[in-house]
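What follows is a set of notes on a single structure, which appears directly below.
The values are calculated or read from the model by the stated rules, or taken from the named source; none is laboratory data. For clarity, every value in this text was computed on a predicted model and none was experimentally measured. Neighbour counts are summed over all protein chains in view; Cβ atoms, including those assigned to glycine, are modelled from backbone coordinates with ideal geometry. Note: accessible area is taken over every heavy atom of the protein model, side chains too, but ligands, DNA and RNA are not part of it. Shrake-Rupley method; radii C 1.70, N 1.55, O 1.52, S 1.80 Å.
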Amino acid sequence: MSGCGCEVEIKDQSQRQVLYWLLGINATMFVIEMGIGLLADSTALIADSLDMLADAVVYGVALYAIGKSLLHKANAARISGFFQMALGVLIIIDIVRRSIYGSEPVSGQMMAMGAVALVANVICLVIIRKQRNEEVHMRASWIFSANDVIANLGVIFAGVLVFWLDSRWPDLVIGVIVSCVVLRGAKMILEDAGNERQRALNAQS
């Protein structure tokens with residue numbers, strides 16, 4: 001039926017279902033990984049858990065944007081990008097604090113939790129893969145999920161190095177890399193959202 005708006009309604013409903021799953025997985029993993037990160041005294045795990053929190057916020061903001069105008073979606077993506085950037089900076093501050101005052105990361109817990117988080121994020125990628133090239137708020141969700149997989153692999157690698165070298169420095173180094181991944185993702189989505197926002201403003205003028 002031409003002009004009924006059914007295609008938009010179906011797409012919005014599909015996006016909403018995907019984002020609810022992503023939000024639930026990332027919020028749950030944030031709580032679990034933060035708890036294990038504190039127990040393991042691991043900068044990499046804590047950084048990765050904050051990345052999960054940032055993603056949960058991204059998905060929540062994306063849910064808000066569903067069914068709204070292109071300008072609303074671009075602004076929502078910008079908000080999630082700025083939030084992700086702020087968390088990236090907080091991770092760096094924590095790394096500096098730990099490098100000064102010391103830490104004793106537990107390698108076994110790092111590797112185990114990193115593996116669980118990796119599985120969770122691969123599931124997220126599978127869930128969102130069909131919508132990774134759609135509107136800006138969905139592209140943002142794909143970027144952050146893909147970044148998480150990289151971060152999880154880094155955490156596992158850090159756990160291996162902490163065990164092998166009997167040193168806390170691999171944990172701190174991977175924490176820095178995770179923060180860079182977070183900041184890079186924020187930069188990418190802010191650029192994408194900025195372009196979409198300009199396009200929307202041009203269309204209105």
> Where does each of 76-82, 198-204 land if you order them by average Cβ count within 10 Å, highest first?
Replying inline: 76-82, 198-204
>> Relative contact order for the chain: what percent, with Cα pairs under 8 Å and sequence separation of 6 or more?
In response: 29 percent
> What is the gain in length, in nm to one decimal, between D166 and H72 on full extension, counting 0.36 nm per residue of separation less the C-alpha to C-alpha distance?
Replying inline: 28.9 nm
>> How much length would be gained if the chain were fully extended between S99 and L125, taking 0.36 nm per residue of separation minus their Cα-Cα distance, in nm to one decimal?
In response: 6.0 nm
>> With a 1.4 Å probe and all protein chains left in place, how much of the accessible area of the chain comes from carbon and sulfur atoms, in whole percent?
In response: 67 percent
>> If I compute semi-axes √(5λ) of the Cα gyration tensor in Å from the structure I just sent, which labelled value in [x] 23, 22, 17; [y] 35, 17, 11; [z] 30, 23, 15 lines up?
In response: [y]
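Taking 0.36 nm per residue of separation and subtracting the Cα-Cα distance, what length does fully extending I32 through D12 add?
Contour length minus the Cα-Cα distance gives 4.2 nm.
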>> Suppose all protein chains stay in the model; what accessible area per residue would a 1.4 Å probe give for segment 48-204, in Å²?
In response: 46 Å²
